[in-house]
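What follows is calculated from the coordinates using simple rules that are stated; it is not laboratory data. For clarity, every value in this text was computed on a predicted model and none was experimentally measured. Don't worry about glycine lacking a Cβ; one is built from the backbone with ideal geometry, like all the others, and counts go over all protein chains shown.
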Amino acid sequence: MEAIAQLIAATDTGAADLKNANAAMSAGYAYGLAAIGPGIGIGYLVGKSVEAMARQPEAAGMVRTTMFLGIAFTEALALIGFVVFILLKFA
Amino acid sequence: MIALEFPEINSILRWKDIFPGFNKIALIAVLATLISTVIFLLAVRKDHSTAPKGVRNFAETIVEFIENGVVMQTMGKEGLAWTPFLLTMFLFIYLCNVPGIIPFFQMPATARMAVPMFLALMVWVIYNAVGIKHQGLGGYFKSTLFPPGVPKALYILVTPIEFISAIIVRPFSLAVRLFANMMAGHILLVTFALLSEALFQAKDKVLIPVGILPFFMLIFLTSFEVLVAFLQAYIFAMLTAVYIGGAAHPEH
């Protein structure tokens, strides 16, 4: 980050350009980092649900409902990251 | 090599007024209300003695889906009185989501924060009111803020967390989940449509066949959006049911 900032400063660009570049970069980091946790979480969650459904097919309906609830809660974190991305990039 | 410029975010999300104070988002919301009302008005007029068919069959399928898939799974039998409310929520959100993939509309109404925010605020008011009605003001706040079965000393930690998660984060995450999902889908579709358009019109003739790749991705994402539109409406209705059920009957 420091090196890129210095490089941009050295190539004689305005402060607004520097700000835009930093905003674009941190927007990328924000969404990328926010996607890691929920990615692992949803993978684990769905994997366990499939395991449960395979073991007890008669409970599949209940497991599926709970799975969707869990996905909704986990996914919210990634989506907040996406909103932060939009705010940093465009606002 | 190719002239690809992503448009300003406002030009893909903000629409010109059709007449003052009424733009495409409002049009979609009004249409969603009208369509869902008309479906059930048509369904109710049919003769009750014969087996259901046509619109009535369709309406019954939706009602049954809400009853079995949402209410019975989360609130149980005593929650069946909430079916009309959840059905309205589900249909309205679904019909607001689906224009995102219908040609000439191509904008989910829920991709503007105002619509999901208002829906989430409505749910927030309702589940708090239900909690206060069923348990009394003191009882409701006691059961939400001081969950039973926690050591007394831990309440210093648990109570603020419960307050933030049950009173502040719930409506916020409910609104942001719907809004961000629909907006992400919309932006994805715009991105791939622009990319394939730019490749199909490229000056360099070699690039034109490459445009098929983003075009296939566009078709795939469109069909994925059909699923997302349904899933988000379902999840919104289900979380509403969970919140109302939790407020009416706290865990002991």
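For a quick size check, give me the Cα extents of the stretch A:2-90 along its three principal axes, largest first, whole Å.
Reported extents, whole Å, longest axis first: 68, 21, 10.
I'd like to know how the protein assembly as shown sits against the 2.2 N^0.38 Å rule of thumb: what's its Cα Rg over that expected value?
1.17
Report the FRET efficiency, 1/(1 + (r/R0)^6), for B:I212 and B:N57, where r is their Cβ-Cβ distance and R0 is 56 Å, rounded to 0.05.
0.85
Which order do B:E8, A:E2, B:E225 fall in if you start with the one that has the fewest other Cβ atoms within 10 Å?
Lowest to highest Cβ neighbour count: A:E2, B:E8, B:E225.
Within a 10 angstrom radius of each residue's Cβ in B:7-14, how many Cβ atoms of other chains show up on average? Whole number is fine.
1
Within a 10 angstrom radius of the beta carbon, how do A:T66, B:T61, B:T110 rank from fewest other beta carbons to most?
Final ranking by Cβ density, sparse to dense: B:T61, A:T66, B:T110.
Based on the alpha carbons, how large is the Rg to Rh ratio for chain B when Rh follows Kirkwood?
Dividing the radius of gyration by the Kirkwood radius yields 1.08.
Ignore the peptide's own chain and count Cβ atoms of other chains within 10 Å of each Cβ in A:71-79; give me the average, rounded.
Counting other chains' Cβ atoms within 10 Å and averaging over A:71-79 gives 5.
Relative to the first principal axis of the alpha-carbon coordinates of chain B, what is the inclination of helix B:212-248, with its axis defined by its Cα atoms, in degrees from 0 to 90 and to the nearest 10?
Approximately 10 degrees, to the nearest ten.
Select from A:G61, A:Y31, A:L88 the residue farthest towards the positive end of the dipole of the stretch A:2-90; place +1 on Cβ of Lys and Arg, -1 on Cβ of Asp and Glu, and compute about the Cα centre.
Farthest towards the positive end: A:G61.
Would you mind calculating the gained length between B:L157 and B:A81 on full extension (0.36 nm times residue separation, minus the Cα-Cα distance), in nm to one decimal?
Roughly 23.7 nm would be gained on extension.
Please work out the Cα center distance from the stretch B:1-42 to the stretch B:187-236, rounded to the nearest Å.
So the separation of the two Cα centres works out to 20 Å.
Give the cross-link partners of B:K205 among the aspartates and glutamates, using a straight C-alpha distance below 19 Å as the criterion and excluding same-chain residues fewer than 8 apart.
B:E197
Quick one: order B:M182, B:M113 by neighbouring beta-carbon count within 10 Å, fewest to most.
Least to most surrounded, the residues fall as B:M113, B:M182.
If you line up the long axis of helix B:170-200 against the longest principal axis of chain B, both from Cα atoms, how many degrees apart are they, to the nearest 10?
10
For chain A, find the longest principal axis of its Cα atoms and tell me its angle to the long axis of helix A:60-90, 0 to 90°, nearest 10.
On a 0 to 90 degree scale, this one is about 10.
Please find the FRET efficiency linking A:N20 to B:S11, where r is the Cβ-Cβ separation and R0 is fixed at 25 Å, and quote it to the nearest 0.05.
The calculated FRET efficiency here is 0.85.
When only DSSP loop residues count, what trypsin sites (Lys or Arg not before Pro) in the stretch B:123-219 have their Cβ near at most 11 other Cβ atoms within 10 Å?
Qualifying residues, ordered by number: B:K203.
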